[in-house]
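**Q** My structure is below; once you've seen it, I'll send some questions.
Rule-based calculations on the coordinates, nothing more; no lab input. Predicted, not measured: the structure shown is a model, and the values here were computed from it. Glycine also receives a Cβ, built like all others from the backbone with ideal geometry; neighbour counts cover every protein chain displayed.
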Amino acid sequence: MHFNKKVIQRAMPIYVGYLFLGLACGILGQQAHISPMEAFIMSILAYSGSGQFICIAMLMDQASLFSILVTNFMVSLRYMFFSTAMYPHIRHCSLPYSIAFGQNITDETFAVNIDSFTKDKDWDVHQGLALGFSPCLVWACANFIGCTAAAWLNPPTELVSYILVAMFLGIWSNYLHENELLVAGITGGILSVILSFIVPFKLHIVLSTLIVSAIACWLEVRYLKQKAG
């Protein structure tokens with residue numbers, strides 16, 4: 001693992017995002033009676049922001065352990081595809097190194113890593129692992145701090161909702177200049193609201209994201225084939 005200035009520069013937006021989202025997740029975790037150390041350990045072992053939010057929401061709804069496991073398994077299936085896409089770049093690594101690399105793949109680190117491997121000839125697996133591992137520490141520490149602070153301050157649950165909305169709007173604002181992504185975002189938001197009346201345990205967010213992403217990918221592939229033909 002090679003942690004250097006280039007890694008910090010490319011991971012900085014992820015650090016900022018994970019800090020605020022981790023604080024929000026920790027606050028929710030405390031309201032679900034999760035201790036700060038449990039929040040920290042869960043953030044390391046089950047390194048999935050969406051999975052942790054869903055797990056906490058289901059705990060607060062008193063869902064069964066089996067339901068929580070199955071739901072998180074389904075939500076985390078996308079990491080299998082991320083790992084498969086990353087394999088050509090890490091195929092020469094040892095099995096333990098590959099496992100450590102795969103454990104630290106998230107939506108954000110995958111996007112930055114795959115772009116770096118494609119466009120930067122000096123980017124290697126050691127920097128890629130550092131880019132995946134360091135945000136994990138930020139995420140886990142933010143969860144610990146949020147959970148600890150919530151026990152003392154007892155903030156309202158609505159505050160977390162505002163933090164999440166503001167965070168995602170801030171991330172999305174970087175893509176407002178692209179009409180395709182703008183349409184995809186608005187469509188996903190509308191679909192999420194509609195599914196919220198049908199799907200339990202906050203899964204409407206995951207389903208709407210998957211549906212819109214799949215349609216967008218299909219349209220992109222279709223466009224490229226027509227352009228090539």
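**Q** Which of rounded, prolate or oblate describes the chain when judged by the alpha-carbon gyration tensor and an a/c cut-off of 1.5?
**A** Oblate is the answer for the chain, as a/c is 1.5 or above yet b/c matches or exceeds a/b.
**Q** Could you give the length gained by full extension between HIS126 and ASN179, i.e. 0.36 nm per residue of separation minus their alpha carbon distance, to one decimal place?
**A** Length gained, HIS126 through ASN179: 15.5 nm.
**Q** Contact order normalised by length for the stretch 176-229, with contacts defined as Cα pairs under 8 Å and 6 or more residues apart; what percent is it?
**A** 29
**Q** Could I ask something else about it? Applying a 10 Å radius around every beta-carbon, put 18-28, 203-213 in order of their mean neighbour count, most first.
**A** Ranked by mean Cβ neighbours within 10 Å, highest first: 18-28, 203-213.
**Q** Springs between alpha-carbon atoms under 10 Å, Gaussian network over the chain: tell me which of ALA214, ALA63, ALA32 tops the mean-square fluctuations.
**A** Evaluated over the chain, the most mobile residue of the options is ALA214.
**Q** Could you give the length gained by full extension between ILE44 and ASN154, i.e. 0.36 nm per residue of separation minus their alpha carbon distance, to one decimal place?
**A** 37.1 nm
**Q** Test of understanding: what is the full-extension gain from PHE81 to ILE99, defined as 0.36 nm times their sequence separation minus their Cα-Cα distance?
**A** Residue separation times 0.36 nm, minus the Cα-Cα distance, leaves 5.0 nm.
**Q** Also, quick follow-up: With an 8 Å cut-off on Cα pairs and a minimum separation of 6 or more residues, tell me the relative contact order of the chain in percent.
**A** 35
**Q** On to the next question. Sorted from fewest to most neighbouring beta carbons within 10 Å, what does the list VAL70, VAL138 look like?
**A** The order, fewest Cβ neighbours first, is VAL70, VAL138.
**Q** Can you give me the P(r) profile for the stretch 176-229? Cα pairs, bins 10 angstrom wide beginning at 0, each as a whole percent.
**A** 24, 42, 24, 8, 1
**Q** Separation between the GLN62 and LYS6 pseudo-spin-labels, each 7 Å from Cα along Cα→Cβ, expressed in nm?
**A** Label at GLN62, label at LYS6, 5.4 nm between them.
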